[in-house]
Amino acid sequence: MADIAIRSPSRAASTRAVVAVAGLLALGALGLRLADPQRVAWVRTYLVIFGSLLIQALPFVMLGALAAALVEVFVPITTLERLGRLPKALQLPAAALAGIAFPICECGSVPVARRLALRGLAPSAAVTFMLAAPVLNPVVIASTFVAYRGRSAMWAMVGGRFALGMMVAVAVGWAIGDRSQDDLLKPNPQEPHGHAIELGRPEPRWRRFFVHLSNDFLFMGRFLILGATLAAAIQTFLPAGILEGAAGIPVVSIVLMMGLAAALSLCSESDAFVAASFVQFGPSPQLAFLVFGPMVDAKLLALYGGTFRRGFVRTVVPTVALATLAGTLWLGVALG
């Protein structure tokens, strides 16, 4: 639920990125065929993995963009502000559970958290909501179910992602503690003027809805394509022995998947399909990928840096990492 105005340059940039990736894939395949026809099987395997990831994940990216646009245009922000009336002990769990009703991606949750903190919600509760919403929302849970459908660990992955995501988000809110709004948020000189000023005739809601839908879909789709490209390359070209060797070491495998999630910067509506493709790794490392990525990745670190003060990242990243590591190790023991 980001406040996004009509940005045709941004949309054009997203389109150019998608076209560039597709062009590079075609050129790479052609180059391999000309240079070494024996490696055509590698290209075929790569394209099959890449295509399957896109085909499975794109409907959920569209569904997530649709839900986010509906929330942005039709759901008043005062609905979330009511969390501030709850007793302090209940604010963090309630803020985490509010993510179920607000299916927004991780990028959209950052400006929403800022707005909630500015309107009086405790900063710790606003941050808890920001981290929980991209993991707990129904679109993400549904995509996780579909990605792991038919596997023995399906319910462990779905339930574990929900429970661990909520636990990590509340842990970060607890770590934020009683920090004030001024201690947490960077000042924004444009704040007094609002996010967007429209002169003349107000823009119809249906038009705002489709603008948000297209912008969110192109934004999330761009990261999905880049993530699927890298994931398919790792699965195809990296020697299997390296992945299998890392997958056999509990702590190393979890840390490796957390680092991979941060580097790929996938949208939470589609990351389950990428995580499920790493069949060398067990449920615990894949779960770490699904919980850590929507809370800490490359694009989020840039958003955090522009929204919050410097100490915020130093608090959030270690807390998310340690809580995710501890939670997934415990689940690994519990699941055998």
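Restricting attention to region 224-240, and to residues there that are hydrophobic (A, V, I, L, M, F, W, C) and surrounded by 19 or more Cβ atoms within 10 Å (Cβ to Cβ), which single residue is modelled with the lowest pLDDT?
Start the filter on region 224-240 by keeping residues that are hydrophobic (A, V, I, L, M, F, W, C), which leaves 224-226, 228, 230-234, 237-238, 240.
From what's left, surrounded by 19 or more Cβ atoms within 10 Å (Cβ to Cβ): 224-225, 228, 231-232.
Numbers: Leu224: 65, Ile225: 76, Ala228: 71, Ala231: 70, Ala232: 75.
Checked region 224-240; the qualifying residue modelled with the lowest pLDDT is Leu224.
Restricting to region 133-150, give me the number of residues that are outside any helix (DSSP H, G or I) and over 14 Å from the mean Cα position of the chain (by Cα). Give the steps one after another, and end with the answer.
Looking only at region 133-150, we keep the residues that are outside any helix (DSSP H, G or I), and these are 137, 148-150.
Imposing the further condition that a residue be over 14 Å from the mean Cα position of the chain (by Cα) reduces the set to 148-150.
Of the residues in region 133-150, 3 are outside any helix (DSSP H, G or I) and over 14 Å from the mean Cα position of the chain (by Cα).
Quick grid of which residues meet (1) β-branched (Val, Ile, Thr); (2) assigned to a loop (DSSP other than H, G, I, E, B); (3) over 22 Å from the mean Cα position of the chain (by Cα); (4) surrounded by 15 or more Cβ atoms within 10 Å (Cβ to Cβ):
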| position | (1), (2), (3), (4) |
| --- | --- |
| Ser152 | no, yes, yes, no |
| Trp155 | no, no, no, no |
| Gly159 | no, no, no, no |
| Met166 | no, no, no, yes |
| Pro187 | no, yes, yes, no |
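Testing Leu243 on (1) surrounded by 17 or more Cβ atoms within 10 Å (Cβ to Cβ); (2) modelled with pLDDT under 80; (3) closer than 29 Å to Gly305 by Cα, one condition comes back false. Which one is that?
Unmet condition: (3).
Can you name every one of the helices (runs of 4 or more DSSP H) wholly within region 255-310 that holds 1 or more residues which are among the basic types (Lys, Arg)? Let's see the steps before the verdict.
On the way: elements: 271-277, 283-292, 298-307.
Counting at least 1 such residues, we get 298-307.
What number of residues within region 265-280 satisfy the criterion of being buried (at least 24 other Cβ atoms within 10 Å of the Cβ) and without any contact (Cβ under 8 Å) to a residue 40 or more places away in the chain?
0
Would you mind stating whether Ala125 is touching a Gly at 6+ places or on another chain (Cβ under 9 Å), under 30 Å from Arg222 (Cβ atoms) and part of a helix (DSSP H, G or I)? Steps first, please.
Details: touching a Gly at 6+ places or on another chain (Cβ under 9 Å): yes; under 30 Å from Arg222 (Cβ atoms): no; part of a helix (DSSP H, G or I): yes.
So Ala125 fails the test.
Take region 79-129 and flag every residue that is under 15 Å from Phe312 (Cβ atoms) and among the hydroxyl-bearing types (Ser, Thr, Tyr).
Result: Ser109, Ser124, Thr128.
Suppose we filter region 80-100 for residues that are in contact (Cβ under 8 Å) with a residue 12 or more places away in the chain and either in a loop (DSSP other than H, G, I, E, B) or of a type in the set (A, V, I, L, M, F, W, C) (or both); how many remain? Step through it out loud before you land on a result.
Start the filter on region 80-100 by keeping residues that are in contact (Cβ under 8 Å) with a residue 12 or more places away in the chain, which leaves 80-81, 83-84, 88, 91-100.
So of that shortlist, the ones also either in a loop (DSSP other than H, G, I, E, B) or of a type in the set (A, V, I, L, M, F, W, C) (or both) come out as 80, 83, 92, 94-98, 100.
Adding up the residues that qualify gives 9.
How do the pairs read when you match residues in region 152-180 that are more than 26 Å from Phe273 (Cα to Cα) with residues anywhere that are of a type in the set (Phe, Trp, Tyr) and part of a helix (DSSP H, G or I), using Cβ under 9 Å and keeping only pairs 6 or more apart or on different chains?
Gly173/Phe129; Ile176/Phe312; Arg179/Phe312
Please go through (1) more than 24 Å from Val172 (Cα to Cα); (2) in contact with a Cys (Cβ under 9 Å, 6 or more places away or on another chain) for Gly241 and return the number of the only condition it doesn't satisfy.
Every listed condition holds for Gly241 apart from (2).
Are there any pairs, at least 6 apart or on different chains, whose C-beta atoms fall under 6 Å, with the first in region 297-326 and at negative phi and among the aromatic types (Phe, Trp, Tyr) and the second outside any loop (DSSP other than H, G, I, E, B) and surrounded by fewer than 18 Cβ atoms within 10 Å (Cβ to Cβ), and if so, which?
These pairs meet every condition: Tyr304/Val313.
The values are calculated or read from the model by the stated rules, or taken from the named source; none is laboratory data. All of these numbers come straight from a predicted model, not from anything done at the bench. Methodologically, a virtual Cβ is constructed for each residue, glycine included, from the backbone with ideal geometry; neighbour enumeration extends over all protein chains shown.
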